[in-house]
Every structure is written in structure tokens, then in C-alpha cells.
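Coordinate-derived values only; no laboratory data. None of these values were measured; they are calculated from a predicted model. Methodologically, a virtual Cβ is constructed for each residue, glycine included, from the backbone with ideal geometry; neighbour enumeration extends over all protein chains shown.
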Amino acid sequence: MEHYADVHNLGDVQDLADVAAYTSALSPVRSPGIGDGQFVIHGAGIYLRFCGSCHGTAAQGDNRRAYPRLAGQHYGYLLRQMQDGVEGRRVNFDRAHVRLLRRFGQSDFEGLADYLARAGDR
């Protein structure tokens, strides 16, 4: 998305506002991508402890505070975004998130991504 949202593709603020309005009006689609369920309960605990206060108890996000919806995102996408943030490939990732995620192990990442991927079904 970052490539398509840069200044070369979206010329001005109105273009960005138009894209944001369009995508926010789309109905959520049930995510076909979930994990194997092995760490989903563990992931729920991590989410409630570290993420829910900003992203919402149901991972619905908060548009006013610019916190994205995480519920129902594809498992592989969530996993990759967290790993890319920690490894420095996602340069716009908030530093506080990077510090937090560096404390996590692989089962933490898998559980969190699986929990969030399934959260859209509730």
C-alpha cells in the first residue's frame, strides 16, 4: 500500500481523502487467512494486555486517533507486518511498537496474528 499511497500516485490531500473515504466505506470481508489455532488463546492475552487500550477491545481501531483496525486482517499479512517492523523493513512502524514487539517470541507473533485474524468473526 505504501507504494500506491506515495506522492507520485496520490497527488494531493484530496486524493488521499478520497481513497480513505472509499476504503472505510467497504464492508469487512471474512478473512480466509487464519493460523492453525495453536497459540490463539495466548495471542488473545497478549492483545488484551498490550494492544487493546489503543486498538479497541475488539481490535476495531479508532479513526479519530488514527489507530488502524486489526480485526479480521489476514494472518500472514499481520505476521509479516509485525516481523517487518521489528526487522526494520517497515520504516513507518511506530518506535514504541518496535520496542514492544522485540520482546516477543515466534509463538507470541503467531498467537497475536491468529487472534487478530479471527477477531473479525466475532
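For the chain, the longest principal axis of the C-alpha atoms and the axis of helix 13-25 are separated by about 50°. To the nearest ten degrees, helix 75-86 and the longest principal axis of the Cα atoms of the chain are 80 degrees apart.
The Rg/Rh ratio for region 72-113, using Cα coordinates for both the radius of gyration and the Kirkwood hydrodynamic radius, is 0.94. For the pair Asp94 and Tyr67, label points projected 7 Å from Cα toward Cβ lie 0.7 nm apart. Summarising the amide proton neighbourhood of Tyr67: residues at separation of 5 or more, or on other chains, whose placed amide H is nearer than 5 Å comprise Asp62.
Projected label points at Ser27 and Gln106, each 7 Å from Cα along the beta carbon direction, are separated by 3.9 nanometres.
Rounded to the nearest 20, the Cβ-based charge dipole of region 31-119 about its Cα centre (Lys and Arg +1, Asp and Glu -1) stands at 360 debye. Using the rule -39500 (n - 2.57) for each DSSP H run of four or more residues, divided by the residues of the chain, the 222 nm mean residue ellipticity is -15000 deg cm²/dmol. Here the residues Leu70, Leu100, ranked from fewest to most Cβ neighbours within 10 Å of their Cβ, fall in the order Leu100, Leu70. The residues packed around Gly45, meaning those with a beta-carbon under 13 Å from its beta-carbon, carry a net charge of -1 if Lys and Arg are +1 and Asp and Glu are -1.
Label positions at Asp36 and Thr57, each projected 7 Å from the Cα along the C-beta direction, are separated by 3.3 nm.
Once Rh for the chain is found with the Kirkwood sum over Cα pairs, what is the Stokes-Einstein diffusion coefficient at 20 °C and 1.002 mPa s, in µm²/s?
Numbers: Rh = 15.3 Å.
After rounding, the answer is 140 µm²/s.
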